[in-house]
Every structure is written in structure tokens, then in C-alpha cells.
Amino acid sequence: MFVAAHTSAGKTVVAEYAIALSLKNMTKTVFTSPIKALSNQKFRDFKQKFGKEDIGILTGDVSINRDATCVIMTTEVLQSQLYNDMDYLQDVEWVIFDEVHYINDEERGSVWEEVIIKLPDHIGIVMLSATVPNYMEFAEWVGRTKQKKVYVQCTYQRPVPLQHSFICNSKMTQVKTGEVKFDHEAAKKVIMDYKFKQKQKKEKEARDEGDQNKKRDYKGEAIAGKQK
């Protein structure tokens, strides 16, 4: 299954359902993420949701409860398991690829591609992403590769609209929300305020530099008077 949905559309609910199925069926789920920080975050979140006994984490730095029902790991760790510990995957029912758009990454994308190709046939795949433009084409490739149907769920608008703001002099000014037109007047005011503050700053620096020069000149005159 491929969930190509906007941020905050509920992609994690699909992952949680797969974990719940593993708990029910007494199998395992592997949740992969592209970076360790995200793995640690999901480890904390899922522990609160399912309990610490059923959630583990396996990264290059940390190994906690590696035989849990759901183990969170980076995709590179799962790649290593495919080469060195296939027995570990015998009881795995689901592999969840969070942020699967990393398959397009120039340096690391081949890891996702290789793992998807080499996963045993008995393992179901759940892919999550908010930024795959050609999601149908990608789903068709996975389907052809694994010889399985891939169901695609997508969203066409953000459930939580994006907000665009300028921050100037510790003050935040909102200039656009969702589909509302860009507020050019608000943006223009922020830019004018910024230019005015920069002008004041330069004028102050010039005055301070002038005062310093005057002090140096006065000190030089005083020394010259003593020498005479």
C-alpha cells in the first residue's frame, strides 16, 4: 500500500494499523525511517501508543528490544539485515517505509530500491510520503517488481494549510495562509521596516566610529602637548 498524502493527513494511522495487525497476529512489523533522529522520535511516540514491551529500536548507535513486535530502524539497517540476518525477517509481516521519497535521493536512494526489491515475498509493504509527485508511476513500479497489487491512497489538498510568515526584528508577520492570496502590503511593510532598521543601525555605527576617531584625535593631541 502506498499512502501519498499531505502532511498531517493521517499517514501514521496506517502505520499504526499495521503494527496493530502484527500484535493481533503475533507477528512483527519493521518501521524504517531515513534518519536516526526520526527513528528516535517514532520510538518515543510508538512506546506511548503501544507500550514499551512491544516497541524496539535498532540503529547504528542504539539497540533496544530488537525482538519486539515493532522494531524501528533506518533503511540502511534493514538493508544489512537482508544480507546478514535473513532469519530475523521470517516472522515479519509488514515493513513500513516512512518518507519513501528518499528513494529519489542521489546518494542514498539505491538503498530503498534494493530493499524493496530484495524483501521476501511474504512481507507486506506500506509506503508513506507527502512529496512524491509521480506516485502512480512509483506504485506501478513497486507492483511490477514485487508482482503484487499496490493500493494507492492520496490526498489533493492539505488538511492543515501552510502558513507563510516573515520574521523581522523578533516580530513575525503572516503574509499567506493556505490558498489565500499573498499579502503584498504586509510583506512590503516588513521589508520597509527592515530597511529602516538597517539604516538606523548603519547611522549608529557611523556615529560610534566618529566618536571613536574623535577620542583618538583628542588623545593624540594631549600626548603631543605633553611632549612639547
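Modelled label positions at K52 and M192, each set 7 Å beyond Cα in the direction of Cβ, lie 5.8 nm from each other.
Structure remark: mean-square fluctuation, Gaussian network model of the chain, C-alpha springs under 10 Å; the largest value among F50, F166, F138 belongs to F166. Which of [x] 21.6; [y] 16.7; [z] 16.0 is the computed mean projected area of the Cα convex hull in nm² for the structure on display? Recomputing mean projected area of the Cα convex hull in nm² here picks out [x].
For the chain, with all protein chains present and a 1.4 Å probe, just round the carbon and sulfur fraction of the accessible area to a whole percent. Write out the running numbers ahead of the final one.
Values: 7640 of 14850 Å².
Roughly 51 percent of what the probe reaches on the chain is carbon or sulfur.
With labels modelled as points extended 7 Å from the Cα through the Cβ direction, what inter-label distance (nm, one decimal) is found for C154 paired with T7? Those two pseudo-labels are separated by 2.0 nm.
Grab the other residues whose beta carbon is less than 14 angstrom from that of N25, score K and R as +1, D and E as -1, and report the net.
My count for the surroundings of N25 gives -1.
What ranking do 32-38, 103-109 get when scored by the average of other Cβ atoms within 10 Å per residue, highest first? It would help to have the intermediate numbers written out before the result.
Values: 32-38: 17.6, 103-109: 13.1.
Top of the packing list down: 32-38, 103-109.
What is the calculated FRET efficiency for S110 to K36, with r their C-beta to C-beta distance and R₀ = 25 Å, to the nearest 0.05? Let's see the in-between values first.
Numbers: r = 19 Å, r/R0 = 0.78.
The calculated FRET efficiency here is 0.80.
When the Gaussian network model of the chain links Cα atoms closer than 10 Å, the mean-square fluctuations of R207, R66, R144 top out at R207. Take the Cβ-Cβ distance between K24 and L162 as r, set R0 to 45 Å, and report the resulting FRET efficiency rounded to the nearest 0.05. That gives a FRET efficiency of 0.75.
Between M172 and K118, the modelled label-to-label distance comes to 4.4 nm, taking each label 7 Å out from Cα in the direction of the beta carbon.
Pairs exceeding a 21 Å alpha-carbon distance, out of K118/K149; K28/K118; K11/K49; K176/K202; K11/K47: K176/K202.
Taken per residue, the accessible surface of the chain reaches 65 Å², heavy atoms only and a 1.4 Å probe.
Which order do the peptides 114-127, 179-192 come out in when sorted by mean C-beta neighbours inside 10 angstrom, highest first? Can you show the working numbers first?
Details: 114-127: 16.3, 179-192: 12.4.
Final packing ranking: 114-127, 179-192.
Estimated from the Cβ-Cβ distance and a Förster radius of 25 angstrom, the FRET efficiency linking Q200 and V180 is about 0.15.
The values are calculated or read from the model by the stated rules, or taken from the named source; none is laboratory data. In this text, all values refer to a predicted model and were calculated from it rather than measured experimentally. Don't worry about glycine lacking a Cβ; one is built from the backbone with ideal geometry, like all the others, and counts go over all protein chains shown. Accessible surface is based on the protein model in full, side chains and every heavy atom, while ligands, DNA and RNA are left aside. Shrake-Rupley method; radii C 1.70, N 1.55, O 1.52, S 1.80 Å.
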